[in-house]
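Below is one structure; the comments refer to it alone.
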Amino acid sequence: MTILVTGGAGYIGSHTVLALLERGEDVVVVDNLSNASAESLRRVAALTGKAATFCQGDIRDIACLNALFSQHPITRVIHFAGLKAVGESTRKPLEYYQNNVAGTLVLLEAMRQADVRQLIFSSSATVYGADSPVPYRETMPTGGTSSPYGSSKFMVEQILQDFARANAHFAIIALRYFNPVGAHPSGRIGEDPLGIPNNLLPYIAQVAVGKREKLGVFGADFPTRDGTGVRDYIHVMDVAAGHLAAMDHLPQISAFEAYNLGAGVGYTVLEMVNAFEQASGVKIPYQILPRRDGDLAAFWADVHRAKQQLGWQVTRDIHQMMQDLWRWQKNNPHGYAVGE
Ligand code: NAD
Ligand code: UDP
């Protein structure tokens, strides 16, 4: 019984592959390395003493997927592969729909041909759109997304529901991540964004190692505790554990289910800056900038469904997120590009 992990060399994928290997699973990774380095998987192998089989390939290439399904006894797929930068998606919508939507269609077709019936999909809190009240619950309507990235996740969820409804022997879980941050506690694997980070924590970490001068805080006039945006941050190792819990639950579901993966609490930008400073002992200079287009004031997850049905909840707090992030960034100031 082998698990195919698409996008497994990336940030969340590499941490999940590590957790799978530690549990003794056989893993095949397909990744086109458009936003990752194969070094992540070499380090996962060094940390676990086991290696995933790696294939550099694209999920839009059905011949590549067919070959993987015929060469390995794959019974389940965890599907991370896709593009994820919200701002970039507004400039390159076709690339986002091609990778995220068309890519998933190709994967589903290959799974159907190979009769592989179990799938976990990386969805996002963004599917709740701009108008849902907080905390977000899985029973709320989705849609009303404000970027091609968000729309691509919403569309894929629709496709998965329709597909699962029409093919009752399929079991599909969409995991709606809130804000994954942090790194493996070894400091050997972590998030390695290309260019200027879009997300808050990688930006803070790059300021801390002197790669960026100061953090820009996007808006201090939101109706929140200190005026800055509130998000539900979740340690990437808890996200990885959520995938293991979801995988164990797959045989018990029919058709399609969605689960929030979040901590269930929100922190402001300035609280995150403060927590990072405490964990690292490094001062983070910042300036308040205008709001970023499309940013919501505050959202966080209702986490009851995942707790009740998956038996999963977060076990790492904000301090552990910061300590692990800092260890990774300090030890790898250039990410996986050693010696740059
Ligand atoms: P990531 O960019 O680090 O990982 C995605 C991986 O997929 C990369 O290794 C990339 O090289 C690969 N990839 C992209 N297109 C591909 C294709 N067509 N064929 C094969 N490989 C391809 O991103 P991540 O943060 O690990 O996110 C993983 C998934 O989780 C994504 O689908 C993302 O949208 C989703 N997600 C991420 C977050 C977050 O904040 N990180 C939040 C919600 C959802
Ligand atoms: N943010 C910020 N400066 C940055 C990046 C992000 O102030 O350089 C804020 C952003 O406005 C939001 C929070 O930090 O309130 C989290 O942003 P991120 O992009 O990490 O996640 P998302 O907005 O996708 O939830």
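A few remarks follow.
- Restricting Ser151, Ser122, Ser132 to those that are more than 10 Å from ligand 1 (Cβ to nearest atom), within 17 Å of the chain's Cα centre (by Cα) and either buried (at least 16 other Cβ atoms within 10 Å of the Cβ) or touching a residue at least 12 places away in the same chain (Cβ under 8 Å) (or both) reduces the list to Ser151.
- Comparison of Thr90, Thr53 shows that the only residue that is within 24 Å of His15 (Cα to Cα) and among the polar types (S, T, N, Q) is Thr53.
- Residue match in segment 13-25 (condition: open to solvent by 10 Å² or more (accessible area, probe 1.4 Å), under 25 Å from Leu108 (Cβ atoms) and within 16 Å of ligand 2 (Cβ to nearest atom)): no
- Checking every residue in segment 169-182 against the condition of being in contact with a His (Cβ under 6 Å, 6 or more places away or on another chain) and either more than 19 Å from Ala81 (Cβ to Cβ) or within 11 Å of ligand 1 (Cβ to nearest atom) (or both) gives at least one match.
- Some residue of segment 151-158 being modelled with pLDDT of 95 or more and closer than 26 Å to Val273 by Cα: no
- Looking only at segment 288-308, residues that are more than 16 Å from ligand 1 (Cβ to nearest atom) and either open to solvent by less than 80 Å² (accessible area, probe 1.4 Å) or assigned to a strand (DSSP E or B) (or both) come to 6 in all.
- Matching option when the condition is open to solvent by less than 20 Å² (accessible area, probe 1.4 Å) and within 11 Å of ligand 2 (Cβ to nearest atom), among Ile204, Ile189: Ile204
- Residues within segment 104-118 that are touching a residue at least 60 places away in the same chain (Cβ under 8 Å) and buried (at least 22 other Cβ atoms within 10 Å of the Cβ), tallied: 1
- When the residues of segment 192-201 are filtered to those that are more than 18 Å from Gly262 (Cβ to Cβ) and open to solvent by 20 Å² or more (accessible area, probe 1.4 Å), the one that is farthest from ligand 1 (Cβ to nearest atom) is Ile196.
- Residue within segment 226-243 that is on the phi > 0 side of the Ramachandran plot, at pLDDT 95 or above, open to solvent by less than 10 Å² (accessible area, probe 1.4 Å) and within 13 Å of ligand 2 (Cβ to nearest atom) present: yes
- Residues (open to solvent by 40 Å² or more (accessible area, probe 1.4 Å), of a type in the set (Gly, Ala, Ser) and within 15 Å of Ala114 (Cα to Cα)) located in segment 49-87: Ala63, Ser70
- Some residue of segment 30-45 being among the acidic types (Asp, Glu) and either within 16 Å of ligand 2 (Cβ to nearest atom) or within 21 Å of Met237 (Cβ to Cβ) (or both): yes
The values are calculated or read from the model by the stated rules, or taken from the named source; none is laboratory data. This is a predicted model, so every value here is computed, not measured. Don't worry about glycine lacking a Cβ; one is built from the backbone with ideal geometry, like all the others, and counts go over all protein chains shown. These area figures cover heavy atoms from the full protein model, side chains too; ligands, DNA and RNA do not enter into them. Shrake-Rupley method; radii C 1.70, N 1.55, O 1.52, S 1.80 Å.
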